[in-house]
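For reference, the structure is listed below as structure tokens.
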Amino acid sequence: MNRLLSLGVLASGNGSNLQSLIDRSIDGTLPAKVACVISNNATAFALERARRHGIPALHLDHRLFSSREAYDEALIDALREYGVELVALAGFMRIITPVLIDAFPNAIMNIHPALLPSFPGLHAQRQALRHGVKIAGCTVHFVDRGTDTGPIICQAAVPVMEGDTEDALSARILVEEHLCYPMAVRLFAEGRLTVSGRKVIIAPEK
Ligand code: GRF
């Protein structure tokens, strides 16, 4: 069997994207193992999901640190302790600093519930509905120093329906998120992603 990529997941909430990564690693379609899950929120269901699968689940309380940088140093220590090679932000509600970004160059991914570069930041689905777009979706991208600005790895689109609520649109997008994130991580694990300026070049399957 090929070597498995060690994945560290940072999550603050429900963790359904974490679950999709765990599920795909268990069914063997993702050549990675979730080495640890870290949350700033002690009650994040993501931590419970990790525990149920015997994955180390760490609560790192940001309020105990004097700065964002100090918090990120603690994140780095924990990620290194578990041998993490790729960091996946999955609903992690913290701004990360260059300290963490520089520690994992082109090895931090994020998933965002919009077709970037449209609607970065918070409440992306609400922004999309208010703008009146007819197509919404999700984006997996490498993390750079901006907010949701990094090189795009993959995207998926969904229709916006007449009378959609934020919840209905979010649920439709989430179905695609659960396909996109494991796909992006798989491409990384297979060594098929190269960042060239703003672009991510995807090498064909070997
Ligand atoms: C997802 O919509 C993701 O795109 C965004 O936060 C949400 C996290 O959902 N960054 P979950 O915790 O993975 O269920």
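For the stretch 62-184, what is the largest minus smallest coordinate of the Cα atoms on each principal axis, given in angstrom and ordered from greatest to least?
Largest first, the stretch 62-184 extends 47, 30, 20 Å along its Cα principal axes.
Using a 1.4 angstrom probe with every protein chain in place, what is the largest-first accessible-area order of T97, T29?
Heavy-atom accessible area, descending, gives T29, T97.
Using a cut-off of 15 Å between beta-carbons, work out the net charge of the residues near M183 (Lys and Arg +1, Asp and Glu -1, M183 not included).
-3
With +1 on each Lys and Arg Cβ and -1 on each Asp and Glu Cβ, and nothing else charged, work out how big the dipole of the chain is about its Cα centre, in Debye to the nearest 20.
With Lys and Arg at +1 and Asp and Glu at -1, about 240 debye.
Let me have the relative contact order for the chain, percent, based on Cα pairs under 8 Å that are six or more residues apart.
19
Write down the accessible area per residue of the chain in Å², having rolled a 1.4 Å probe over the full set of protein chains.
Spelled out: the 1.4 Å probe surface of the chain, per residue, equals 49 Å².
Over the stretch 1-83, what is the relative contact order in percent, taking alpha-carbon pairs closer than 8 angstrom and at least six residues apart?
Contact order relative to length: 28 percent.
Quantify how much of the Cα-Cα distance distribution of the chain extends past 24 Å, in percent.
Within the chain, distances greater than 24 Å cover 39 percent of Cα pairs.
Mind checking which lysines have their C-alpha under 24 Å from K33, skipping anything on the same chain fewer than 8 residues away?
Straight-distance partners of K33: K206.
Tabulate in residue order the Karplus-calculated ³J(HN,Hα) for the stretch 192-202, using 6.51 cos²θ - 1.76 cosθ + 1.60 with θ = phi - 60°, rounded to whole Hz; enter x for Gly and Pro.
Here the 3J(HN,Hα) series is 9, 9, 10, 8, 10, x, 7, 9, 10, 8, 9 Hz.
Roughly speaking, what is the centre-to-centre gap between the stretch 52-111 and the stretch 149-170 when only Cα atoms are used, to the nearest Å?
The stretch 52-111 and the stretch 149-170 have Cα centres spaced 26 Å from each other.
Just for the stretch 1-139, what percent of DSSP beta bridges are antiparallel, to the closest 5?
Taking every DSSP beta bridge with both residues in the stretch 1-139, the antiparallel ones total about 5 percent.
Taking a probe of 1.4 angstrom, what is the accessible area of L187 in Å², to the nearest 10?
Roll a 1.4 Å probe over it and L187 shows about 10 Å².
Could you go through the stretch 57-69 in sequence order and give the Karplus-derived ³J(HN,Hα) for each residue, using 6.51 cos²θ - 1.76 cosθ + 1.60 with θ = phi - 60°, rounded to whole Hz, and x for Gly and Pro?
Calculated HN-Hα couplings, in order: 10, 10, 9, 10, 7, 5, 5, 8, 10, 7, 8, 4, 5 Hz.
Running Debye on the stretch 1-88 with equal point scatterers at the Cα sites and no solvent, what base-10 log of I(q)/I(0) appears at q = 0.13, 0.24, 0.26 Å⁻¹?
Those come out to -0.40, -1.19, -1.34, one per q.
Just add up the charged neighbours of I76: K/R +1, D/E -1, any other residue whose Cβ is under 15 Å from the Cβ of I76.
It works out to a net charge of -4.
Determine the share of the stretch 11-153's accessible area contributed by carbon and sulfur atoms, expressed in whole percent, with a 1.4 angstrom probe.
53
Give the lysines whose C-alpha is closer than 17 Å to that of K134, dropping any in the same chain fewer than 8 places away, or say none.
none
What translational D, rounded to a whole number of µm²/s, comes out for the stretch 70-131 from Stokes-Einstein when the hydrodynamic radius is the Kirkwood one over Cα pairs, at 10 °C and 1.306 mPa s?
Here the translational diffusion coefficient equals 121 µm²/s.
How big is the charge dipole of the stretch 17-134 about its Cα centre, in debye rounded to the nearest 20, if each Lys and Arg gets +1 on its Cβ and each Asp and Glu gets -1 on its Cβ?
Dipole magnitude for the stretch 17-134 comes out near 600 debye.
The values are calculated or read from the model by the stated rules, or taken from the named source; none is laboratory data. Since the structure is predicted, the reported quantities are computational estimates derived from the model, not experimental observations. Using ideal geometry, Cβ is built from the backbone for each residue, glycine included, and neighbour counts are taken over all protein chains shown. The area values use the complete protein model at the heavy-atom level, side chains included, leaving out ligands, DNA and RNA. Shrake-Rupley method; radii C 1.70, N 1.55, O 1.52, S 1.80 Å.
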